[in-house]
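First comes the structure, then the notes that go with it.
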Amino acid sequence: MTDLLANLALGFQVAAHPANLGFCLLGALVGTLVGVLPGIGTVATVAMLLPITFGLPPVGALIMLAGIYYGAQYGGSTTSILVNIPGEATSVVTCLDGHQMARQGRAGAALSISAIGSFFAGCVSTVLVAALGAPLTSLALLFGPAEYFSLMALGLIFAVVLAKGSVLKSVAMVLTGLLLSMVGSDLETGAGRMTFDIAELSDGIGFTNVAMGLFGFAEIIRNLEMSQESREIVQSKIKGLMPTRQDLIDSSGAIARGTILGSILGILPGGGAVVASFAAYTFEKRISKNPERFGRGAIQGVAAPESANNAAAQTSFIPLLTLGIPPNAVMALMVGAMTIHGIVPGPQVMTKQPELFWGMIASMWLGNLMLVIINLPLVGVWVSLLRVPYRLLYPSIIVFCCIGIYSINNSPTDVVIAAIFGLFGYWLVKHDFEPAPLVLAFVLGPLMEENLRRAMLIARGDATVFMTRPISAGLILVALFMLALAMLPMIRKRREEVFVESEN
Amino acid sequence: MSEGAKTSPKGGGFQFKVRGPRDFYGGLALIALGIIAILASGELPGQHGFAFGPGTAPRMFATLLAIVGALVSVSGLFIDGPKIEAFAIRGPAYVLVAILLFAGMIRGIDLRIIGIPFTVPPLGLVLSTFAAFIVSIMGSTEMRWVESLIAAVAMTAFCIGLFVYLLQLPFQLWPL
């Protein structure tokens with residue numbers, strides 16, 4: 001306990017350094033700025049803004065990225081409430097009651113409850129991250145290559161199970177991501193793999209190119225198709241930003257339950273925040289005395305999912321910081337950023353770079369505080385941003401992404417590669433393939449292969465090593481169980497569909 | 001994407017029908033990707049003794065991808081699914097051209113690699129950004145010239161302020 005306090009004190013010392021405070025603030029601001037833009041989700045926001053953090057010192061860069069992440073999420077909720085366009089899956093449920101509240105002239109209350117709920121969740125989960133960090137790190141030290149491989153396999157299976165749509169297609173995306181990560185020089189022998197003799201590919205496909213292409217460019221191209229006239233912004237002036245006493249009393253239970261649910265679900269690898277907000281909303285509706293109010297502007301329907309997704313967003317840092325394994329696509333982007341700064345994510349970060357580890361944790365709390373302080377007064381600014389027509393917005397995002405990608409290596413080829421991934425991403429959407437498992441697998445690929453090769457070498461080529469070592473076997477069994485669980489209802493449902501079809 | 005394979009009869013009076021075209025063609029493309037990867041990594045040395053060679057893992061995952069692709073494809077044959085939405089051409093084409101233009105202009109490019117005897121000199125960040133903005137905005141059906149030009153100038157100025165002055169990244173601003 002004293003350790004925890006000492007560590008947190010160290011963290012706050014780092015995070016409260018004026019430069020780091022500045023990065024945190026800047027991250028939260030630009031994150032919200034981009035996150036507010038309709039149709040641009042959290043992952044896309046973080047991917048787009050990655051390059052601007054690369055020039056900073058490592059601690060500052062990660063603090064800023066974390067700020068961008070919370071900002072983007074908060075911006076997404078703002079858009080959901082005011083325009084009824086969810087930037088991404090986590091905000092879908094916020095739309096349901098949040099937009100109804102806005103239409104009833106209670107946009108201010110919805111926005112402030114969402115901020116307060118997020119802040120409360122942020123406080124709780126920051127402490128949780130700090131408390132769980134140390135024990136999990138010592139657990140990680142027991143892991144050998146076989147356990148790491150199994151753990152990553154479990155993480156990918158979770159991503160598959162929690163992804164929208166078909167399990168089979170998500171598996172296909174994971175395999176595609178693993179395959180793409182193998183392009184370039186082999187780690188051990190240096191042999192060029194699948195490079196097609198293109199010199200630029202010998203270093204592998206840059207992770208930012210993949211992320212920007214699949215999330216940035218592809219999303220723009222897809223949004224271009226949709227009619228932009230359907231946007232319906234709440235026009236009336238937002239008044240009464242502070243929630244009433246009754247609002248606070250009504251939502252306090254929902255905030256607490258959302259926080260608990262979100263914190264637990266966030267630690268699990270896979271879709272964390274998305275599942276959390278859905279689960280919290282459903283739970284709240286189920287235990288409510290008057291469930292019929294949900295969908296008609298119930299404040300609990302905003303408070304619960306917003307607290308849950310923020311709690312999950314934070315606790316999803318736990319597997320990343322302690323085990324070095326990103327549980328979702330945003331954390332995969334964080335790994336990419338860490339690698340570019342020469343930090344190998346994993347248990348050694350905490351022992352070797354305590355100021356980075358604890359600084360980041362403390363900055364999570366500060367970031368949440370800043371969101372409450374800066375965003376509520378700035379709601380007017382965000383609203384006016386929502387009025388910028390899309391025809392001006394998308395070229396801006398395109399050139400911003402181009403410059404960002406180019407700036408990383410001063411390489412025009414990277415820009416072209418990202419464009420190719422943009423088209424690929426567009427094609428994926430048309431065929432209902434989810435890009436998130438692909439990116440996660442792309443980041444985990446090199447680590448997974450390295451551990452697989454090491455495990456096999458140590459076991460003298462015996463593949464049963466993954467089942468004979470107890471921790472590894474346990475992880476694999478959980479993974480298989482999850483997969484089976486996900487496949488069963490799918491098969492049953494599909495069969496029902498077939499039956500319905502044959503009756504017609 | 002062809003969706004024409006709906007009712008092409010196959011021998012023996014068996015009706016061949018693609019029920020879920022998204023899955024069917026998506027799966028086929030994944031099979032192709034898997035096969036390309038297998039071919040591309042075919043020359044790499046595989047397992048020797050207990051150790052994986054550089055080619056082992058790529059071939060393993062490529063084979064798995066082809067298998068899963070086949071399963072996706074087969075499920076598209078038997079399970080009803082939505083049609084493939086039409087691919088928009090205009091918007092993506094302009095966006096693509098804008099991105100390629102940026103990549104070609106910023107450091108210059110020798111167009112002889114695509115058979116045009118002309119070398120684009122390095123044109124620098126300002127012109128590349130401006131050009132990419134204008135071309136990508138032309139993809140919109142609602143484009144207006146005056147507004148677009150003003151926005152292009154503003155965005156170029158913003159990017160230069162951010163990347164060059166605030167982030168201090170080394171960029172060549174103007175043509176050499």
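Checking A:Ala463, A:Ala459, A:Ala436 one by one, the residue that is over 30 Å from B:Pro82 (Cβ atoms), among the small types (Gly, Ala, Ser) and more than 10 Å from chain B (Cβ to nearest Cβ) is A:Ala463 and no other.
Looking only at the range B:81-95, how many residues end up being touching a residue at least 60 places away in the same chain (Cβ under 8 Å) and not small (Gly, Ala, Ser)?
To start, the set of residues in the range B:81-95 that are touching a residue at least 60 places away in the same chain (Cβ under 8 Å) comprises B:81-84, B:87.
Next cut, not small (Gly, Ala, Ser) only: B:82-84, B:87.
Number satisfying all stated conditions: 4.
When A:Val183 is tested against (1) in contact with a Gly (Cβ under 7 Å, 6 or more places away or on another chain); (2) of a type in the set (Val, Ile, Thr); (3) away from chain B (no Cβ under 13 Å), exactly one condition is not met: (3).
How many residues are at pLDDT below 85 and crowded, with 18+ Cβ neighbours inside 10 Å when one looks only at the range B:123-161? Steps first, please.
As a first pass, look at the range B:123-161 and keep what is at pLDDT below 85: B:139-144.
Narrowing the set further to residues that are crowded, with 18+ Cβ neighbours inside 10 Å leaves B:139-140.
Here the count works out to 2.
Taking first residues from the range B:34-62 that are within 7 Å of chain A (Cβ to nearest Cβ) and partners that are aromatic (Phe, Trp, Tyr), the Cβ contacts under 8 Å between residues at least 6 apart in sequence or on separate chains come to B:Ala37/B:Phe61; B:Ala40/A:Phe196.
The residue that is farthest from the other protein chains (Cβ to nearest Cβ), among those in the range A:187-202 that are over 20 Å from A:Asn451 (Cα atoms) and out of contact with any Ser or Thr (no Cβ under 7 Å at 6 or more places or on another chain), is A:Ala199.
Can we say A:Asp97 is touching a Lys or Arg at 6+ places or on another chain (Cβ under 9 Å) and either within 29 Å of A:Met350 (Cβ to Cβ) or outside any loop (DSSP other than H, G, I, E, B) (or both)? Let's see the steps before the verdict.
On the way: touching a Lys or Arg at 6+ places or on another chain (Cβ under 9 Å): yes; either within 29 Å of A:Met350 (Cβ to Cβ) or outside any loop (DSSP other than H, G, I, E, B) (or both): yes.
Considered against the rule, which asks whether it is touching a Lys or Arg at 6+ places or on another chain (Cβ under 9 Å) and either within 29 Å of A:Met350 (Cβ to Cβ) or outside any loop (DSSP other than H, G, I, E, B) (or both), A:Asp97 comes out as yes.
Among the residues of the range B:66-79, those that are more than 7 Å from every other protein chain (Cβ to nearest Cβ) and in contact (Cβ under 8 Å) with a residue 40 or more places away in the chain comprise B:Ala70, B:Ser73, B:Val74, B:Gly76, B:Leu77, B:Phe78.
Looking only at the range A:349-406, which residues are polar (S, T, N, Q), in a helix (DSSP H, G or I) and within 16 Å of A:Phe317 (Cβ to Cβ)?
If the condition is that a residue be polar (S, T, N, Q), in a helix (DSSP H, G or I) and within 16 Å of A:Phe317 (Cβ to Cβ), then A:Ser363, A:Asn368 are the ones that fit.
Matching residues to (1) at negative phi; (2) basic (Lys, Arg); (3) out of contact with any helix residue (DSSP H, G or I) (no Cβ under 7 Å at 6 or more places or on another chain); (4) buried (at least 24 other Cβ atoms within 10 Å of the Cβ):
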position: A:Leu29; (1), (2), (3), (4): yes, no, no, no
position: A:Val46; (1), (2), (3), (4): yes, no, no, yes
position: A:Gly55; (1), (2), (3), (4): yes, no, yes, no
position: A:Ala66; (1), (2), (3), (4): yes, no, no, yes
position: A:Ile81; (1), (2), (3), (4): yes, no, no, yes
position: A:Val92; (1), (2), (3), (4): yes, no, yes, no
position: A:Cys95; (1), (2), (3), (4): yes, no, no, no
position: A:Leu111; (1), (2), (3), (4): yes, no, no, yes
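Could you list, in sequence order, all residues of the range A:156-191 that are under 16 Å from A:Leu485 (Cβ atoms), assigned to a helix (DSSP H, G or I) and not hydrophobic (A, V, I, L, M, F, W, C)? The answer is A:Ser170, and nothing else. So, in the range B:124-141, how many residues would count as being aromatic (Phe, Trp, Tyr) and more than 21 Å from the chain's Cα centre (by Cα)? Qualifying residue count for the region: 1.
All of B:Arg22, B:Arg90 fail the test of being out of contact with any strand residue (DSSP E or B) (no Cβ under 8 Å at 6 or more places or on another chain), of a type in the set (Lys, Arg) and crowded, with 18+ Cβ neighbours inside 10 Å, apart from B:Arg22.
A residue that is loosely packed, with under 15 Cβ neighbours inside 10 Å and out of contact with any strand residue (DSSP E or B) (no Cβ under 8 Å at 6 or more places or on another chain) occurs somewhere in the range B:31-39. Of the residues B:Ile67, B:Ile106, B:Ile113, B:Ile160, the single one that is β-branched (Val, Ile, Thr) and over 25 Å from A:Ser407 (Cα atoms) is B:Ile67.
Look through A:Pro437, A:Pro345 and report the one residue that is within 30 Å of A:Leu142 (Cα to Cα) and assigned to a loop (DSSP other than H, G, I, E, B).
On the way: A:Pro437 fails: assigned to a loop (DSSP other than H, G, I, E, B).
Answer to the selection: A:Pro345.
The values are calculated or read from the model by the stated rules, or taken from the named source; none is laboratory data. What you see is a predicted model, and the numbers here were worked out from it, not measured in a lab. Positions of Cβ are generated from backbone atoms using ideal geometry, with glycine treated the same way; all protein chains shown enter the neighbour counts.
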